[in-house]
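**Student:** My questions all concern the structure below.
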Amino acid sequence: MARKIDPMRRALPISEWPTVDCNAWQAALTCGDAFEDGGGAVDWAAKTRLTNISHYGRWLGYLRWRGLLGDEESLSDRVTRDRVRDYVNHLEMIVAPHTCVSMLIGLKVMMQVMTPESNWNWLQKVCNRIQRAAKPTSNKLSRMRPTTEIFKVALRELRRLPSDPLSKKDALRYRDALMLAFLASRPLRRKNFAALELGRNLVKVDGGWLLTIPAEETKTGQAIAFLLPEILVPWLERYLVVRKFPVPGELSSKLWLSNEGKPLNGNRVWSRITKLTQRLFGKSINPHLLRDCAASTLANSSSDLALAAAPLLGHRHFATTERFYIQANNLEASRRFNSILSKLRTDETR
């Protein structure tokens, strides 16, 4: 039996949107040509579309719950300051602060593409004010660690495991420790990390390994090109042997595999990393928080290295990372980060 959703929390699917909303959304998705511009949502990534559809559906669900939804109003007339204020008060009672901000931003961007003739500066200012005031429900600073510490502990965990041959249980522990070391040194978004494929995204070059992700597969539309730290290479190459769990059929080319030989998805990667870091550090550090750790480590090392944070994280602009400007590419950023991690070599040989 499907779980019943509380009407005050329900997001309306497109099939339940009023006609005026459906028409406006279709117009936003209309492709242009040499003479006419396309709709504002044409270039959105599929995940971005789904996220914003969900946020807009939540707004419509709220209006229906309040008895305020109908085809008689235009989209612009429906989104008033008073209604948005009431909507924010409603969200603040049932969701976390940053979730409230995300939902409001989703409403704003949908209105911008569905009613491009209207001025939504006032809604943008509301989003900005609420975002500045939002306080996280958990203190992520208390869970953060310097990347050098995380990387060192991950390598220590790899060394702690017995020599070949590894049992299946130890091979899975090896995989998890390597994933942590990999994410500490190259803090990819979990979707890209889980999708890494040998021979396509990870290629051996001149005794090292080059990691590449094409622009169409990244959140920002920016291609990624990283060199793996030299210190990580022997651990990766050993994993390529132990990852061959005794399972029937041809081995997947995906890098991260389960004990059944199936590719791990992003949620499974998240779960394994948080469980491992909980055990190693006493507090869980999820893959996204590892990105914060990397940026903080670079920033604390020097102002010059701080500028490498944006390309290392795959951000289009450094403003996304620390509200500063940057001119660097991610290959150079990876080389700079390698210089920090290479200082651990002395500890590695002890």
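**Student:** Restricting things to alpha carbons, tell me how big the range 7-133 is in terms of Rg and Dmax, in Å.
**Tutor:** 14.3, 48
**Student:** Take the residue pairs K47/K262; K108/K254; K140/K168; K125/K275 and return only those whose Cα atoms are more than 30 Å apart.
**Tutor:** Values: K47/K262 24 Å; K108/K254 38 Å; K140/K168 34 Å; K125/K275 39 Å.
Distance filter (> 30 Å) returns K108/K254; K140/K168; K125/K275.
**Student:** Taking 0.36 nm per residue of sequence separation and subtracting the Cα-Cα distance, how much length would be gained by fully extending the chain between E250 and W122, in nm to one decimal?
**Tutor:** Values: separation 128, 0.36 × 128 = 46.08 nm, distance 5.68 nm.
Contour length minus Cα-Cα distance gives 40.4 nm.
**Student:** Between A134 and S167, what is the label-point separation in nm under the 7 Å Cα-to-beta-carbon projection?
**Tutor:** Using points 7 Å along Cα→Cβ, the separation is 4.5 nm.
Only the coordinates and a few stated rules stand behind these numbers; no lab work does. Small disclaimer: the values here were computed from a predicted structure and weren't measured. No Cβ is skipped: glycine too gets one built from the backbone with ideal geometry, and neighbour counts run over all protein chains shown.
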